[in-house]
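See structure below.
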Amino acid sequence: MPFIELKRIKGIASSQIERNEKLKSICTLLKDSILHYDWVGFYIVDDFKKELYLGPYAGDPTEHTRIPFGKGICGQVAEKGNLVIIQDVSEQSNYLSCSLNVKSEIVVPIFKNGKLTAELDIDSHSDSPFTEWDEKVLKKICVIVSKLF
Ligand code: SME
């Protein structure tokens, strides 16, 4: 079972550094702590343009710096507001590929006062790696992170 100390996430969230540095530190901590997390990043809602824009991330740069609502997995989560686990991205028709190495993805919505404000997006190079553990832990992390918005 993978392990991440929520205390460390809370510590980063309540530290004196600015918001994007906190988000970046959380991405790096998750990527470095969990073997099957190969890219970890935040997408932030641009309500005016009905798009997500890329926030802090850890991993290789991605061309998907702006994602219209409805496009790809992240854009679908923006429209529906539900957590999505894709265990095999090759089966998806509405999917934005960042790298051929990515096999699976989890996207967790972040709500502030009941409104979608951002998403936590994690890509994995492993086949079907996500379990209830990821879902449970990442939801808790997103509640902590929501307070930063
Ligand atoms: N795969 C995502 C795009 C973002 S990258 O994974 C960093 C999607 O389909 O929305």
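A few comments on the model shown:
- The Cα center of the range 66-80 and the Cα center of the range 1-65 differ in position by 18 Å.
- For the range 43-149, the list of GluC sites (Glu not before Pro) that fall in a loop by DSSP and count at most 13 other C-beta atoms within 10 angstrom reads E63.
- Principal axes of the range 70-127: Cα extent on each, largest first, Å: 36, 19, 15
- Of K71/K115; K10/K112; K50/K136; K49/K71; K80/K112; K80/K147, those spanning more than 23 Å from alpha-carbon to alpha-carbon: K50/K136
- Using a cutoff of 8 angstrom between alpha carbon atoms and counting only pairs six or more residues apart, the relative contact order for the range 49-149 works out to 21 percent.
- Overall Cα dimensions of the chain - principal axes, largest extent first, Å: 41, 40, 26
- The overall shape of the range 1-62 is oblate: from the C-alpha gyration tensor, with semi-axes ordered a ≥ b ≥ c, the ratio a/c is 1.5 or greater and a/b is no larger than b/c.
No value in this document is a laboratory result; all are computed from the given coordinates. If you're wondering where the values come from, they're calculated on a predicted model, not measured in any experiment. Neighbour counts run over all protein chains shown; Cβ positions are idealised from the backbone, glycine included.
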